[in-house]
Amino acid sequence: MKKIFVFLFIIKTFFCFGQEIKVLDSLLKTPIENVNLICKEVGVSTNEKGLVNISVFKENDSIQFTHLSYYTKSIIFSDVPQIIYLSAKVKVLPTIIFKEYKNPLLGWDIVCGTKTANKKIVSKSTAELLEDNTSITVQESQSGGGSPNFRGMEANRLLLVVDGIPLNNAIYRSGHLQSASTINPFFVEKVSLLSGPVSVAYGNGAMGGALLFHTKSNLFKENSLQIHQQYESATNAVMFNFLSNYRTRKIAFTSGFSIKSVGNLKMGENRLHGYENWGKDTFSSKGKEQLFTSYQQADFMHKTHYAINELNSLTLNTQYSISSDISRFDKINDENMNGNQKYAKWYYGPQNRLLQSILWSNKTATIIYDGFKSTMAFQDVKESRHHKKTGENLLSNRYENVKIYDFVLDFNKEILAANIAYGTGGRHQNINSTANLSDHKNATFYNPTRYPDGGSVVNDYFAYTQLRIPLSKKLDMLLGGRFNQNNLTANFSTPTFSFSKVKNSNTSFIKSFLLAYKQGRNIRVSASYYGGFRNPNIDDIGKVFSKNDKDVIVPNDKLEAEYADNLEFVINYQSRKWQLQLQLYNSKISNAISREYSRLNGVDSMLYDGQWMRIQMNKNIESARINGISFFGIYSPIKQFNISANCNYLKGETYANKPLAHIPPLNAKLAFSYVFKQHEFEFYTKYNAWKYTKDYDMEGVDNLEEATIDGTPMWYTLNLHYSNKIDNMLSFGFGIQNIMDTHYKTFASGISASGRNLILSLQSNF
């Protein structure tokens, strides 16, 4: 009897095991979460380990394996193997593409996402990488940069995060930033754009969302060596990228090195807009060539992942980026009152960023958590700006150095059917600002600093929580909140102002709420409210700065945090051939920081940079609203072919009914992708509508002076990409961007976009 019992137990165990299968990525061999298995009205989904029990199906059922990012596969129940492999689509859809404790909410709360790994053509800059998703527009004032804009939130109102570490620092300004360019696109594996309640977990600067960059990691995948070489004709750019993965039983390494040399950028020749001289700058253009736009950049990355045991692991992450001097193209073309070239030189010094972090992941379950992540990080950011006016002998040099220390604890706990994520941490920043005037003999003289010359310190402390409560099988409720305490001290060692120290303190509390409804396997709807905030930083409070040589901004220690109250409605539809997403959103910005003419010590002007200028201060004087609609869709009539489209429209204005800054015009993208054996084709068109002069912000942030007299004209481009996987070791890529060689500028940009651009790439895998 005992033997019979054991035999039956083995049979039962085998049978039960046989009902659970695993779904993996066919290339990466990694688990795929949220794969839907459907037959008639019956359906189940894979968990975070790619596992799913299929006992709900019958023997003759034809099961469809569907996922937004993968091709659908149909298998008869009796033929289902223990492991199912799905192939990724050419275009990755907006879906959840990562798992971390700060995002335990839904499987579909990513606004847009793209995978960049294994692409045969790599964008030469992060700006180009971001423009692949038309929910993000990018402003460029010079080559080698790019300032992303999401829903009218740009610069210090849009949070950039690399591997969980915020890049935004105490000198991020309200104008256009080039900081994203220090992220090497070749090292980026995934880009995710978060809005809605999830952004509450990321805090200061995420007023409308957070842009997450996930760099490549081995994580115990197969050993590999990849060499990527690329050439682009519009800039005579040459790129060389190296990436290696090596693993042992407990340790995995990922190392990357990238260099690029970019020549002067050639603008388009076909002027469909009708403005013959627009972009042909007197002092900085020669035919189609835009002078002073060449630069070089080198990037390094190394990760070590150590599996201490089944429950604990450590990840060490080092990233370093450095560029050559980068000329400020739009400034070099400025004219003085006599119509002559205003600046003989105007350039940024090397963009220099070092990031080091250590991540401890623990999966030990206790009464207060099921696991946690502890992150410690250090960043050392150096930047500088240099200019000399025509006819002057002295070069103005201003240097900034920001050292940032982060510590974060993130926890996750499941209680019955609910899921709670919570965390706490702090950030310490030291800002050092120096300046001098130098002559041709390297002799130096006094020059006022851009930021307080006695050094500045900024401290942030925070705690957050997010709770998911399933109200029914179809309805989920999400609640979240974040508390933040910010303290700032800036010291002035020179008697330029009436005060020697500036202190500022702000306490913020924001909350979020979301209801999410699922109708069957096809329709998902959510409605949410979420708050965002940004504390005034050193750039707001302590900066001494002149943009136009007419006005000078001076410090103001009375600033308070600015806030955004966001409402969002999202509907998703998915079927075997269709994936659709529609977003409607409204943002109310209150207490916004804006410049205003002011008096200091009873006077309205002061001597700065050798001339008298009117005094301005940043003040909390503005409120504004932004309304927008976004659409994304993919249609896949057959396995090898799909059509994707997205479109975005924004309208922003102050409560005084004036146009709001940073509002891009309507933009759209339509793409056709086809895969045939080892061949991949993609043809796409990008479109931007007019931005008329009357719709520009008049404070100067939108760079109206770089547009035509009527504004920024409508433009569109036609583009083609082709790649061929010759064998397992060698891949070839070919592309033509802006086939019609159209001349255009993206909104608020100081430099013309590239004309017809031939791209050749060769990728070797060992």
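None of the figures in this text is laboratory data; all of them are computed from the coordinates on show. Worth saying up front: this structure is predicted, and the values here are computed from it rather than measured. Quick reminder, even Gly has a Cβ in these numbers, built from the backbone with ideal geometry, and neighbours come from all protein chains shown.
Each label point is 7 Å from the Cα along the Cα-to-Cβ direction; what then is the distance between the points at K22 and L762, in nm?
My value for the distance between the label points is 3.8 nm.
Between L167, H302, Q319, whose Cα lies farthest towards the positive end of the dipole of the chain when Lys and Arg beta carbons carry +1 and Asp and Glu beta carbons carry -1, centred on the Cα centre?
Result: H302.
For the chain, give the magnitude of the charge dipole about the Cα centre (Cβ charges: +1 Lys/Arg, -1 Asp/Glu; no others), in debye to the nearest 20. Write out the running numbers ahead of the final one.
Values: 84 positive and 66 negative charges, 376 e Å.
I would put it at about 1800 debye.
Taking only DSSP H segments of four or more residues, each worth -39500 (n - 2.57), what value at 222 nm results for the chain once the sum is divided by all its residues, to the nearest 500 deg cm²/dmol?
Working: 4 runs with 31 residues, N = 766.
Calculated at 222 nm, the ellipticity per residue is -1000 deg cm²/dmol.
Could you tell me whether the stretch 18-88 comes out rounded, prolate or oblate from its Cα gyration tensor? Rule is a ≥ b ≥ c as square roots of the eigenvalues, rounded for a/c under 1.5, then prolate if a/b exceeds b/c, otherwise oblate. Kindly include the intermediate steps, with their values, before the conclusion.
On the way: a/c = 1.64, a/b = 1.50, b/c = 1.09.
Taking the square roots of the gyration eigenvalues as a ≥ b ≥ c, the stretch 18-88 is prolate.
Using 1/(1 + (r/R0)^6) with R0 = 30 angstrom and r between the beta carbons of T366 and T304, what's the FRET efficiency to the nearest 0.05?
Here the calculated transfer efficiency is 0.65.
Going Cα to Cα from K694, which aspartates and glutamates come in below 19 Å? Please leave out same-chain ones fewer than 8 positions away.
E653, D702, E705, E706, D710
Tell me, what ³J(HN,Hα) does each residue in the stretch 603-609 have, in order and in whole Hz, if you take phi through Karplus 6.51 cos²θ - 1.76 cosθ + 1.60 with θ = phi - 60° and put x for Gly and Pro?
Once rounded to whole Hz, the list reads 10, 9, 9, 8, 7, 8, 6.
What is the list of residues in the stretch 411-429 whose amide nitrogen lies under 17 Å from a point 7 angstrom out from the Cα of Y405, following Cα to Cβ?
Zone members listed by number: 425-429.
What is the Cα centroid distance between the stretch 690-766 and the stretch 135-154, reported in whole angstrom?
12
Full extension from K503 to M714: what is 0.36 nm times the residue separation minus their Cα-Cα distance, to one decimal in nm?
On the way: separation 211, 0.36 × 211 = 75.96 nm, distance 4.62 nm.
So the extension gain works out to 71.3 nm.
Relative to the present Cα-Cα distance, how much length would full extension add between R576 and V42 at 0.36 nm per residue of separation? Could the numbers behind the result be given before it?
Details: separation 534, 0.36 × 534 = 192.24 nm, distance 1.50 nm.
So the extension gain works out to 190.7 nm.
In degrees between 0 and 90, to the nearest 10, how far off the longest principal axis of the chain does helix 2-18 point, with axes built from Cα atoms?
Relative to the chain, helix 2-18 is tipped by roughly 40 degrees.
Got a sec to turn the phi values of the stretch 139-148 into Karplus ³J(HN,Hα) couplings, 6.51 cos²θ - 1.76 cosθ + 1.60 with θ = phi - 60°, whole Hz, x for Gly and Pro?
Listing the rounded values in order: 9, 10, 9, 7, 5, x, x, x, 10, x Hz.
For the stretch 171-181, take each phi angle, set θ = phi - 60°, evaluate the Karplus expression 6.51 cos²θ - 1.76 cosθ + 1.60, and give the result in whole Hz per residue in order, putting x for glycine and proline.
Coupling constants for the stretch 171-181: 10, 5, 9, 7, x, 6, 10, 10, 5, 4, 5 Hz.
Just check the stretch 674-718 against the gyration tensor rule for me: Cα atoms, a ≥ b ≥ c as the square roots of the eigenvalues, rounded for a/c under 1.5, and otherwise prolate or oblate depending on whether a/b exceeds b/c. Walk me through the numbers on the way to the answer.
Details: a/c = 5.13, a/b = 3.72, b/c = 1.38.
It comes out prolate by the Cα gyration axes.
Order of H67, H386, H302 from fewest to most other C-beta atoms within 10 Å?
Details: H67 23, H386 18, H302 15.
With the fewest neighbours first, H67, H386, H302 line up as H302, H386, H67.
Give me the number: length gained by fully extending H428 to Q82, i.e. 0.36 nm times residue separation minus the C-alpha to C-alpha distance, one decimal in nm. Spell out each step's value before the answer.
Values: separation 346, 0.36 × 346 = 124.56 nm, distance 5.00 nm.
Full extension of this stretch gives 119.6 nm more.
List every residue whose amide H lies under 5 Å from the amide H of T390, counting only residues 5 or more places away in sequence or on a different chain, with H placed 1.01 Å from N in the peptide plane.
Y343, A344
Relative to the Cα centre, what is the charge dipole magnitude of the stretch 18-88, using +1 at the beta carbon of each Lys and Arg, -1 at the beta carbon of each Asp and Glu, and rounding to the nearest 20 debye? Write out the running numbers ahead of the final one.
Values: 6 positive and 8 negative charges, 21 e Å.
So the dipole magnitude of the stretch 18-88 works out to roughly 100 debye.
When a/c is below 1.5 the answer is rounded, else prolate if a/b is larger than b/c, else oblate, so apply that to the chain with a ≥ b ≥ c taken from the square roots of the Cα gyration tensor eigenvalues.
Details: a/c = 1.82, a/b = 1.52, b/c = 1.20.
Prolate shape, in that a/c is at least 1.5 and a/b is the bigger ratio.
Hey, quick one: spin label on Q356, modelled 7 Å out along Cα-Cβ, who in the stretch 372-388 has an amide N within reach, i.e. under 12 Å?
Label zone hits: 377-380.
Where does each of R576, R468, R482 land when they are ranked from fewest to most other beta-carbon atoms within 10 angstrom?
R576, R468, R482
For the stretch 588-653 and the stretch 443-514, compute the distance between their C-alpha centroids and round to whole Å.
Using only Cα atoms to place each centre, the spacing works out to 19 Å.
Would you mind ranking L475, L24, L243 by Cβ crowding within 10 Å, fewest neighbours first?
On the way: L475 12, L24 17, L243 20.
If I rank by nearby Cβ atoms, fewest first, I get L475, L24, L243.
Counting only residues 5 or more places away or on other chains, whose amide H sits under 5 Å from the amide H of S749 once H atoms are built in the peptide plane?
E140
Quickly work out the E596-to-L730 label distance, labels modelled 7 Å from Cα along the C-beta direction, and quote it in nm with one decimal.
6.8
Long-range amide H contacts for L291: which residues qualify at under 5 Å (H placed 1.01 Å from N, peptide plane, sequence gap of 5 or more or a different chain)?
Counting only residues 5 or more places away or on other chains, the set is S285, K286.
Under a cut-off of 12 Å between alpha-carbon atoms, report the aspartates and glutamates in cross-link reach of K511, not counting same-chain residues fewer than 8 places apart.
Once the sequence-local aspartates and glutamates are set aside, what remains near K511 is D565.
Roughly how many nanometres apart are two label points built 7 Å out from the Cα toward the Cβ at K639 and D609?
The modelled label-to-label distance comes out at 6.2 nm.
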